[in-house]
1. For residue 109, what residues show an amide H to amide H distance below 5 Å, using hydrogens built from the backbone and excluding near sequence neighbours?
2. Contact order normalised by length for the chain, with contacts defined as Cα pairs under 8 Å and 6 or more residues apart; what percent is it?
3. For the chain, find the longest principal axis of its Cα atoms and tell me its angle to the long axis of helix 2-48, 0 to 90°, nearest 10.
4. Which whole-percent values make up P(r) of the chain when all C-alpha to C-alpha distances are grouped in 20 Å steps starting at zero?
5. So what is the 222 nm mean residue ellipticity for the chain from helices alone, if each DSSP H run of at least 4 adds -39500 (n - 2.57) and you divide by all residues, rounding to the nearest 500 deg cm²/dmol?
6. Between the helical axis of 403-413 and the dominant principal axis of the chain, each derived from Cα atoms, what acute angle in degrees is found, rounded to the nearest 10?
7. Hey, could you get me the Stokes-Einstein D for the stretch 2-141, Kirkwood radius over alpha-carbon pairs, 4 °C and 1.567 mPa s, rounded to whole µm² s⁻¹?
8. In degrees between 0 and 90, to the nearest 10, how far off the longest principal axis of the chain does helix 202-250 point, with axes built from Cα atoms?
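Quick note: the coordinates plus some simple rules give every number you see, no bench work behind them. Because the structure is a prediction, the values reported are computed rather than measured.
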Amino acid sequence: MLVSVVVLFVGLAAGGAVLVATMHYALMRTANTEALETARSVAVLADTGTLADPLPAAPAVRVQVVNAAGQVLFGSAGTDRLVPILYPRELRELPDGEGRPIPGSRIGFEGEVRVVALTAGPPDGRVTVLVARPTDELTQSVHLLRITLLVTFPPLVALLALVAWRVVGAALRPVEALRAGAEDITGGARPGRLPVPDSGDEIHRLAVTLNDMLHRLEAARARQRSFVADAAHELRSPLTNMRTELEVAQRLPDSTDWPELAGDLLTDVHRLSRLVDDLLLLARADDATTRAVRPATEEIELGGLLAEVAARYEVAYERPAVPLLVTGERDALGRVVANLLDNAVRHARSSVRLEVRPDGTDRRISVVDDGPGIPAADRERVFDRFTRLDDARARDAGGSGLGLAIVRELVRRHGGTVTLRGAVPPPGLHAEVCLPGQAAVSPPADDAARVR
């Protein structure tokens, strides 16, 4: 507001000064023009030799006709017949047809007088016509304008400053409401939503955007709290088992089967290790997503990669004759297939089938089992972290509810999608991963091999 008022003050002051200067220039030019017109009228009389004494002129104007020697030959009523209006030096320095100001007291006027000199007459008798036009009433008009501006200027600036203060205050009131709302949210005084004004302007759109941001932050915090609670719960279970087993072992006799006890502890350690690895993997994936970090990529032949993973699980797999190339992280894609196979093997009744096929420029990896499947209403929910449809059975089998969440995250980072649907024929589950691929190349001689 201070800057605005200062700029307004300077602008109005400069405008007033320009207005006064312009009006003064215009009035002086008008006075000069009137005097020059009178001089031209008298010059016509001099050229025709019809000068009369006194010379015809308005009562407020003084007219003289002087010769080259500076003698006054003719004059208007009230004009000095002995002393010229201009001194000889002034007359010599004044260009023909131009004017200059002189003190009005010299010829009996108050204030300033505008004098115009114009040469006239025959060549053998050149004379100079002097016309004096008083400008006192014109300068009074300029002075009145200056006084008026000086009187009205401060109240006008104050009024405009007051109006600007009210307008800016009304415009910033929603911003103050947003600030107060943000302070309340920061202090935890109320739910995380800012007041939205009904103006429909930029402040309205800012409030809507900030509320959307707060909603996303609250959702992220809720997911983080849930993730931490679930992770703590999952970590507590194997740790509790290990602690219980060790406490019991302290009270067992020396004849105890210690290798069997060590095997039980090793099972819990493996479960704990897998859970920590899964949590670290998801944490790195979240960090890469937040920082928009692109993973290190390489060219991968899916047929060979799936053959390696299928061999560990001993599932049905037929390697395609044509190499199917994708660009990505080999370990990450191997983890995707391993998690899907681990889930399928855990729930299958008798068979699990793995296959990969081209679909235009895409590559589709399918894992089909003949287990109980997943209800359609739960096929999206199972991708959430720590989600189990049968919590007790999954925990006993060593599952943590992170496998499918890891699959979706890794596939998303490779620009692909993962979907679940019922197996054909039912029952069972069909998990399919679609990845962007590269153009197929001619296969090597040994790529016709089949892996079961």
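1. none
2. Numbers: 614 pairs, mean separation 46.1, N = 452.
Once divided by the residue count of the chain, the mean separation gives 10 percent.
3. For 2-48 against the chain, the angle is about 30 degrees.
4. Pairs per bin, as whole percents: 16, 24, 15, 11, 12, 15, 7, 1.
5. Values: 9 runs with 234 residues, N = 452.
The helix contribution divided over the chain gives -18500 deg cm²/dmol.
6. 40
7. Numbers: Rh = 16.3 Å.
Answer, rounded: 79 µm²/s.
8. So the inclination is approximately 30 degrees.
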